[in-house]
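The values are calculated or read from the model by the stated rules, or taken from the named source; none is laboratory data. Just so it is clear, the structure is predicted and the values come from calculations on it, not from any experiment. Cβ atoms come from the backbone with ideal geometry, glycine included; neighbour counts cover every protein chain shown. Calculation scope for accessible area: heavy atoms of the full protein, side chains included, ligands and nucleic acids excluded. Shrake-Rupley method; radii C 1.70, N 1.55, O 1.52, S 1.80 Å.
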Amino acid sequence: AVAMEADHRTRPTAFTVPRKFKMAAISASMSLSAVAKAKTVRASKRTAVKCSAAKPAFVEKVEKAGKAALSGLAALTLAAGSAQAVTYDELQGLTYLQVKGTGLANTCPVVDTGASGSSIKGGEYDLEKFCMEPTSFTVKEESSFKAGESEFVKTKLMTRLTYTLDGMTGSFKVGSDGSVAVQERDGLDYAPVTVQLPGGERVPFLFTLKEFTGKGNTSQFGGDFVVPSYRGSSFLDPKGRGGSTGYDNAVALPAKSDADELLKENNKNVAALKGSAVFNVAKYDEVTGEIAGVFESIQPSDTDLGSKAPKDVKITGLWYAQLAK
């Protein structure tokens, strides 16, 4: 009896799982299996509705353009220069989801077929769907050397892909001698852009072609345009001063309200400045009326409502339009 009692004390006692824990484990196991089945059903549904049709050629071109746009921006080269742009008809055949995120909304169409600008017949045309796509922004900087000349330096784009001008309209007159007179009237003819110089200074400006009036021939034409103020007269600076509203001077500095060094800061100037642009005609399709080429424009940057001198900004890129009688 003593041996049996000692053996009973040294033998490990079996652990009995309570019933409520067993039911919880069974319930959790059933839940996991249900989730796994649901995932399997969803996956099968996804594969069942997946389109197996071949992609059109221009859809593949759109995808390549989007990849090129992202890589071009990272390499300090604007997307327009490296993207494989599409024609106007191909662009109109794309849906919103096919264009979304590719960068194509910030590009101008291209003209695949056609002759030179000399094939444009004389007459008066309506300039429609006028588009300007910048591919390079450079800013004129003074040389670091005493006798050096000022030169345009490369910049880094700080603005998202929203800098293309599009939907502009106007008139395009061609004389019997091949002379051309162009007038811009309306449309999305301005876009705020900010670039950064190698030293870190940021230069904001209003990329525009407002009221452009150009003359030349069917191969090249150029002229001047109006550059509105980057900010309007109702804009208030950090001290509450504005052109048409706000304080006349810095309230915190009443003794220096009329000081000469604060004159430009107190008197806001929203006057428009002038810019110039030159357009080269590369292709013209007589059937569709499409015309395209390259452009170069030079315009002033933001003056911070007249408190600082503007910098010269050179913009080069591609342009596209349609001529209709």
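Cβ-Cβ under 6 Å, sequence separation 6+ or interchain: first residue in region 74-96 and at negative phi and at pLDDT below 50, partner open to solvent by less than 50 Å² (accessible area, probe 1.4 Å) and part of a strand (DSSP E or B). Which pairs?
That search, which allows pairs on different chains as well, returns Leu78/Thr135; Ala80/Glu133; Ala80/Thr135; Gly81/Thr135.
Surrounded by 16 or more Cβ atoms within 10 Å (Cβ to Cβ), in a loop (DSSP other than H, G, I, E, B) and more than 15 Å from the chain's Cα centre (by Cα): which single residue out of Leu161, Leu94, Leu127 fits that description?
Just a single option satisfies the conditions, and that option is Leu94.
Here's a check for you: in region 205-234, which residue that is open to solvent by 60 Å² or more (accessible area, probe 1.4 Å) and either part of a loop (DSSP other than H, G, I, E, B) or hydroxyl-bearing (Ser, Thr, Tyr) (or both) is farthest from Ser276 (Cα to Cα)?
Residue satisfying both the conditions and the ranking: Ser234.
Residue under question is Ala309, and the condition is that it be out of contact with any Phe, Trp or Tyr (no Cβ under 7 Å at 6 or more places or on another chain), assigned to a helix (DSSP H, G or I), open to solvent by 40 Å² or more (accessible area, probe 1.4 Å) and more than 15 Å from Phe207 (Cα to Cα); does it hold?
no
Give region 169-189 a look and list any residue that's under 17 Å from the mean Cα position of the chain (by Cα) and either modelled with pLDDT of 95 or more or among the charged types (D, E, K, R) (or both), or say none.
Asp189
If Glu149 passes every condition in (1) closer than 18 Å to Lys311 by Cβ; (2) loosely packed, with under 14 Cβ neighbours inside 10 Å; (3) touching a Phe, Trp or Tyr at 6+ places or on another chain (Cβ under 9 Å) but one, which one does it miss?
Only one criterion in (1) closer than 18 Å to Lys311 by Cβ; (2) loosely packed, with under 14 Cβ neighbours inside 10 Å; (3) touching a Phe, Trp or Tyr at 6+ places or on another chain (Cβ under 9 Å) is unmet by Glu149, namely (3).
If you take the residues in region 264-287 that are assigned to a loop (DSSP other than H, G, I, E, B) and surrounded by fewer than 16 Cβ atoms within 10 Å (Cβ to Cβ), which one is farthest from the chain's Cα centre (by Cα)?
Once the filter is applied, the top-ranked residue is Asn267.
Tell me, yes or no, whether region 235-246 has at least one residue that is over 25 Å from Met158 (Cβ atoms), part of a strand (DSSP E or B) and either of a type outside the set (S, T, N, Q) or without any contact (Cβ under 8 Å) to a residue 24 or more places away in the chain (or both).
Checked against the condition, which is being over 25 Å from Met158 (Cβ atoms), part of a strand (DSSP E or B) and either of a type outside the set (S, T, N, Q) or without any contact (Cβ under 8 Å) to a residue 24 or more places away in the chain (or both), region 235-246 yields at least one hit.
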